[in-house]
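Here the structure comes first, spelled out in structure tokens, and everything after it is commentary.
The values are calculated or read from the model by the stated rules, or taken from the named source; none is laboratory data. Since the model is a prediction, treat every value here as computed from it, not as a measurement. FYI the Cβ positions are ideal-geometry reconstructions off the backbone, even for glycines, and counts take in every protein chain you see.
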Amino acid sequence: MAEKKRIVATIEARMTSSRFPGKVLMEACGKPMLQHMIERLQRVPSLDGIVVATTGNDADVPIVNLAQRMGVGFFQGSEYDVLLRVLHSARAHDIDVIVEMTGDCPLIDPVLVEDCVQGYQAAGVDYVSNVLERTYPRGMDTQVFATEVLADVADRTDDPEDHEHVSIFIYSHPEIYSLKNMPGPPELTNPGLGLTLDTPEDLELIRRIFEILYPGNPNFTLADILSVLKDNPALLELNAHVRRKHA
């Protein structure tokens, strides 16, 4: 019988974001955004753990403190070589399968993360994500691949862009790695909607969503978020003008 692989979510998080410093610890409903994200990922059935992949910078000590307080793993690595930061996090915590997350997704839906993990296990491919062809809103991004695949990437490329964006080399080379996309159902398809925490305008929208949904249902889903936005279309104007960065 094959040994069960250890599946762990890694969350890339640091305080020195060039676009919006300190965003991961800004609060909604009295909790830091990173705490909300961790709590949501803790409801993903297939995850064996969570590791916050941060840096050794003094500014990131509060991130380490939060991880320790919540009883999840952490790793302090390179600020700019995020690929090696995630790879070393995985090796330090004996991770076989990485569920790669970025710390700017506090509204992440645990159901969608579970779908990607299940899809990875069923497909037998090198890489599964729900963003190869974007159907879900930004902020639901989930990528799944083996630690050994990321180690192979590290051996193949020294390009700074590849090392900044972790998995870009994988999905840019389908001739090397087998890929699978997990598209959203029609009722959850809204690729133009930004639910990721990139700017102060995003913070305002995400705070409003938490204020409406969290007190009555901390386990709210993407379907609940889309329902709120349908009922409160003015909320969409808060960050409609934000231009997103692309890897």
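A compact table of results
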quantity: Criterion: farther than 25 Å from PHE169 by Cα, surrounded by 17 or more Cβ atoms within 10 Å (Cβ to Cβ) and at pLDDT 95 or above - qualifying residue of ILE63, ILE50, ILE95; calculated: ILE63
quantity: Boolean, ARG69 is of a type in the set (D, E, K, R) and either modelled with pLDDT under 95 or surrounded by 15 or more Cβ atoms within 10 Å (Cβ to Cβ) (or both); calculated: no
quantity: Per-region count, segment 1-43, residues hydrophobic (A, V, I, L, M, F, W, C), closer than 14 Å to PRO106 by Cα and surrounded by fewer than 23 Cβ atoms within 10 Å (Cβ to Cβ); calculated: 5
quantity: Subset of segment 125-148 that is among the hydrophobic types (A, V, I, L, M, F, W, C) and surrounded by fewer than 19 Cβ atoms within 10 Å (Cβ to Cβ) - its residue that is farthest from LEU41 (Cα to Cα); calculated: VAL125
quantity: Which numbered condition SER78 misses (of (1) in contact with a Ser or Thr (Cβ under 6 Å, 6 or more places away or on another chain); (2) without any contact (Cβ under 8 Å) to a residue 60 or more places away in the chain); calculated: (1)
quantity: Cβ pairs under 6 Å, 6+ apart, first in segment 197-221 and touching a residue at least 40 places away in the same chain (Cβ under 8 Å), second crowded, with 17+ Cβ neighbours inside 10 Å and acidic (Asp, Glu); calculated: LEU197/ASP104; THR221/ASP109
quantity: Subset of segment 194-220 (residues that are in a loop (DSSP other than H, G, I, E, B) and either hydroxyl-bearing (Ser, Thr, Tyr) or surrounded by fewer than 19 Cβ atoms within 10 Å (Cβ to Cβ) (or both)); calculated: THR196, THR199, TYR214, PRO215, GLY216, ASN217, PRO218, ASN219
quantity: Strands (runs of 3 or more DSSP E) enclosed by segment 1-79 - at least 3 residues per element that are under 16 Å from GLU100 (Cβ atoms) and in contact with a Leu (Cβ under 7 Å, 6 or more places away or on another chain); calculated: 7-12
quantity: The listed residue being free of Cβ contacts under 8 Å to residues at least 40 places away in the same chain and in contact with a strand residue (DSSP E or B) (Cβ under 8 Å, 6 or more places away or on another chain), out of GLY73, GLY56, GLY22; calculated: GLY56
quantity: Selection within segment 172-220 - touching a helix residue (DSSP H, G or I) at 6+ places or on another chain (Cβ under 7 Å) and basic (Lys, Arg); calculated: LYS180, ARG208
